[in-house]
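These notes concern the structure reproduced below.
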Amino acid sequence: MKKTLIASALTTVMFVPAASAIEIYKDDKNSVEIGGFVDARVYHGQDTTEVVNGASRINFGFDRQMGDGWNAFAKLEWGVNPFGNSKIQYNNDQLSYDNDEFLANRLGYVGVNHDTYGTLTVGKQWGAWYDVVYNTNYGFVWDGDASGTYTFNKGDGSVNGTGRGDKTIQYRNAFGDFSFAVQAQLKQDEFEVFDDGSVGNEPSLPMINAQESIATIEYNNTYGLALTYQATDKFVVTAGFNTGEFSGETVDNEKIEETDLIYGIGLTYGAGWDAEGLYVAANYSKQEFHDTDNIGRLLSDAYGVETLLSYRFNNNIRAFASYNIIDGGDAYQADYNGDTFKRQFTAVGVHYIWDANTVIYIEGRIDSSDFSGSEEAAMKLSDDDGIGFGIRYTL
């Protein structure tokens, strides 16, 4: 029974956050399915009210039975922006804040699977680190924002492989009550850092304060590990880490070399976010040179906490509350002339689950962040109180 639960959990993490899919073709060897959702919402924040896209997406899944317990598969997913351009930055999972394109790449990988020998995948996919912290990432309007998943000011975690990692190879397997994922992200990136701390036209990349000198930074391979223990049918413990290194040199020949590291633990209780009854989840992470503040300055030492408490009643109403905090602490103040970085907020929401694939919702956020210092005004532009309501139509 527990091994079945573990296998189910592995599949869930690999294909998060698609809730369902429709099979559009099947023969004795091949099958094809289509999934995703369209989410339209009215959002009010930063003294503006707009109709915005709620991270809508479409995906295709392909599966081929190869015999002797083997199957090959592929997954393709794009973020879809069906409502026009939106410049409000409020949701970590919204891939195209300022992108006029209708489609933007979210996932694309191919893999092989065997019941005994495990699963091997290659491509752009959810990182092993996401196994550790995905348990709190279920809010529609404000999802997890402190776990080190969506790095570099709420990007998609592609740079260091903790979110939807680019160019990753991953292996998964389960033994009894335990499952694991190991990952390598094989890439070579290089970018310029200018004397004002900015990084050219790439705001999603980290900014290095190299004594106000122009520098060239290389950010190459990263590695991750996640462990999952299914203690009971309802209680799960996760733990893991992700690491990489970046290095470079300023025009004054000053060497820059740091290790990007995050590690942590997650706890989950309940039959699942979508199941009736109580669901409780939390995770804690510690990081070094892994994420950035709201204007792109690296956090040399920080911790993050995410919590989620929800209850789904038997009348198809789900109520939830979540709390997120990521704190740069004393190290941040020392690095940036006494500035403070403490992003924290509480989100509450009510979802009416009309049926399994149609949800009407309202969510609100109370922001209690502390960005006091020289860049306070700029830092507050992407964190504020807000409210959003809408409908999510899932295929």
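The values are calculated or read from the model by the stated rules, or taken from the named source; none is laboratory data. Since the structure is predicted, the reported quantities are computational estimates derived from the model, not experimental observations. Please note: Cβ atoms are built from the backbone with ideal geometry, for glycine as well, and neighbour counts cover all protein chains shown.
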Kindly provide the set of residues from the stretch 269-285 that are farther than 17 Å from Gly157 by Cβ and assigned to a strand (DSSP E or B), ordered by number. Tyr269, Gly270, Gly277, Leu278, Tyr279, Val280, Ala281, Ala282, Tyr284
If I go through the stretch 36-68 residue by residue, how many of them are touching a Phe, Trp or Tyr at 6+ places or on another chain (Cβ under 8 Å) and not charged (D, E, K, R)? 16
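Just for the stretch 72-88: of the residues that are at pLDDT 90 or above and out of contact with any Asp or Glu (no Cβ under 6 Å at 6 or more places or on another chain), which one is surrounded by the fewest Cβ atoms within 10 Å (Cβ to Cβ)? Break it down into steps so the answer makes sense when it comes.
As a first pass, look at the stretch 72-88 and keep what is at pLDDT 90 or above: 72-80.
Subsequent filtering for residues that are out of contact with any Asp or Glu (no Cβ under 6 Å at 6 or more places or on another chain) retains 72, 74-80.
Numbers: Ala72: 14, Ala74: 16, Lys75: 24, Leu76: 17, Glu77: 23, Trp78: 20, Gly79: 23, Val80: 22.
Filtering first and then ranking leaves Ala72.
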Can you name every residue in the stretch 328-350 that is assigned to a strand (DSSP E or B), out of contact with any helix residue (DSSP H, G or I) (no Cβ under 9 Å at 6 or more places or on another chain) and surrounded by fewer than 21 Cβ atoms within 10 Å (Cβ to Cβ)? Gln344, Phe345, Thr346, Val348, Val350
Residue in the stretch 279-294 that is buried (at least 17 other Cβ atoms within 10 Å of the Cβ), more than 17 Å from Gly144 (Cβ to Cβ) and touching a Pro at 6+ places or on another chain (Cβ under 6 Å) present: no
Could you list all residues from the stretch 351-372 that are within 17 Å of Ala40 (Cβ to Cβ), part of a loop (DSSP other than H, G, I, E, B) and free of Cβ contacts under 8 Å to residues at least 40 places away in the same chain? none
Quickly run through the stretch 346-388 and pick out the residues that are modelled with pLDDT under 95 and among the basic types (Lys, Arg). Lys380
When (1) buried (at least 22 other Cβ atoms within 10 Å of the Cβ); (2) more than 18 Å from the chain's Cα centre (by Cα) are applied to Val251, the one that fails is (1)
Within the stretch 296-350, track down each residue that is farther than 30 Å from Glu276 by Cβ and among the charged types (D, E, K, R). Arg297, Asp301, Asp327, Asp330, Asp335, Asp339, Lys342, Arg343
Qualifying residue in the stretch 36-53 (condition: surrounded by 17 or more Cβ atoms within 10 Å (Cβ to Cβ), at pLDDT 95 or above and of a type in the set (Gly, Ala, Ser)): yes
Flag for Ala275 being surrounded by fewer than 15 Cβ atoms within 10 Å (Cβ to Cβ) and modelled with pLDDT of 95 or more: yes
Those residues that are touching a helix residue (DSSP H, G or I) at 6+ places or on another chain (Cβ under 8 Å) and within 24 Å of Glu245 (Cβ to Cβ), I need them from the stretch 300-327; list them, please. Ser300, Asp301, Ala302, Tyr303
Give just the number: which of (1) crowded, with 20+ Cβ neighbours inside 10 Å; (2) over 21 Å from the mean Cα position of the chain (by Cα); (3) over 23 Å from Ala146 (Cα atoms) does Asn357 not satisfy? (1)
Scope the stretch 265-310; condition touching a residue at least 60 places away in the same chain (Cβ under 8 Å), under 19 Å from Thr346 (Cβ atoms) and hydrophobic (A, V, I, L, M, F, W, C); matching residues: Trp273, Ala281, Ala282, Val305, Leu308
Where residues in the stretch 226-248 are outside any strand (DSSP E or B) and not basic (Lys, Arg), which of them is surrounded by the most Cβ atoms within 10 Å (Cβ to Cβ)? Ala231
All-but-one check, Gly266 against (1) surrounded by fewer than 19 Cβ atoms within 10 Å (Cβ to Cβ); (2) not in a loop (DSSP other than H, G, I, E, B), failing number (1)
Subset of the stretch 373-395 that is among the charged types (D, E, K, R) and not in a loop (DSSP other than H, G, I, E, B) - its residue that is nearest to the chain's Cα centre (by Cα): Arg392
